[in-house]
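> The following block contains the structure, expressed as structure tokens.
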Amino acid sequence: MRLLVIGAAGRTGRHVLTQGVRRGHEITAFARRPEAVKDVTGLRDVVRGDATDADALRTALPGQDAVICAVGGSGIALALIEAMPETGVRRLVMTSSRSIVATRPRLVVALAWLAFRAPYADLSRAEGMLQASDLDWSIVRGTMLNDKPPAGGTHIDFENDATGGGWQLTRADYATALLDVAENPELIGRSLGVGGPK
């Protein structure tokens, strides 16, 4: 596939780039700091831009089969919803947080919302915008991310209050899940939670 990776210079985005290239995809990196990905070999292209700018996205979208957004937010969702249909690209995989919909364990969820209320509220808005759009979207809600070596597996569920899987998830394993979802058309219109293996 030809994949546009937004947030490519971030800690998760870089894993998506390297793993995507290894899988044989033609990867275009979209980043505000393209110099941060100059060491990643095998990329099809690198585009400088702000993902909240629909005009900047229009320069990178033509010819892509799908977009993996390794950074979330309502501003990015709005720009993609505007720019993607105009360029004929429909498939979008966007990151989000498991805490947006989680209800258990109650104390952990309550503390997470207390600490991250503003970004979680913004991610919730972004999810709602995507769900109301005509795009072929998938939302991938990760648990607490870390930079440890990959565990080599994940726990995936489709229930809002599921408690299976570990609360810690490596960014490398999260990137694997994002690519798996982008490759699977059966997950269009689905929101899934991703946690570490237990």
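The values are calculated or read from the model by the stated rules, or taken from the named source; none is laboratory data. Here the structure is a predicted model, which means the values were calculated and not measured. Backbone-built Cβ (ideal geometry, glycine too); neighbour counts: all protein chains shown. Accessible surface is based on the protein model in full, side chains and every heavy atom, while ligands, DNA and RNA are left aside. Shrake-Rupley method; radii C 1.70, N 1.55, O 1.52, S 1.80 Å.
> Condition check: within 24 Å of residue 128 (Cβ to Cβ), acidic (Asp, Glu) and either assigned to a loop (DSSP other than H, G, I, E, B) or in contact (Cβ under 8 Å) with a residue 60 or more places away in the chain (or both). Does residue 159 satisfy that?
Here the answer is yes, as residue 159 does meet what is asked.
> Six or more apart or on different chains, Cβ atoms under 6 Å: show the pairs whose first residue is in segment 167-184 and over 14 Å from residue 153 (Cβ atoms) and whose second is basic (Lys, Arg) and assigned to a helix (DSSP H, G or I).
171/11
> To continue, here is another question. When residues of segment 81-95 are filtered for being touching a residue at least 60 places away in the same chain (Cβ under 8 Å) and either more than 20 Å from residue 47 (Cα to Cα) or open to solvent by 10 Å² or more (accessible area, probe 1.4 Å) (or both), how many remain?
2
Each row is one residue, and each column tells you yes or no for (1) modelled with pLDDT of 90 or more; (2) open to solvent by less than 20 Å² (accessible area, probe 1.4 Å); (3) polar (S, T, N, Q).
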residue	(1), (2), (3)
107	no, no, no
110	no, no, no
114	no, no, no
128	yes, no, no
165	no, yes, no
169	yes, yes, no
183	yes, no, no
188	yes, no, no
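> Within segment 71-87, can one find any residue that is within 15 Å of residue 174 (Cβ to Cβ), among the acidic types (Asp, Glu) and modelled with pLDDT of 95 or more?
no
> Still on this model: In segment 29-80, what residues are touching a residue at least 24 places away in the same chain (Cβ under 8 Å) and at positive phi?
Of everything in segment 29-80, those that are touching a residue at least 24 places away in the same chain (Cβ under 8 Å) and at positive phi turn out to be 63, 73.
> While we're looking at this one, here's another question. Which ones in segment 116-151 are touching a residue at least 40 places away in the same chain (Cβ under 8 Å), part of a loop (DSSP other than H, G, I, E, B) and more than 14 Å from the chain's Cα centre (by Cα)?
133, 134, 135, 147, 151
> Can you tell which of 20, 13, 42 is in contact with a Gly (Cβ under 7 Å, 6 or more places away or on another chain) and closer than 22 Å to residue 150 by Cα?
The unique qualifying residue is 13.
> Quick one: is residue 46 surrounded by fewer than 18 Cβ atoms within 10 Å (Cβ to Cβ), in contact with a Ser or Thr (Cβ under 9 Å, 6 or more places away or on another chain), β-branched (Val, Ile, Thr) and farther than 18 Å from residue 138 by Cβ?
When the stated conditions are applied, residue 46 does not pass them.
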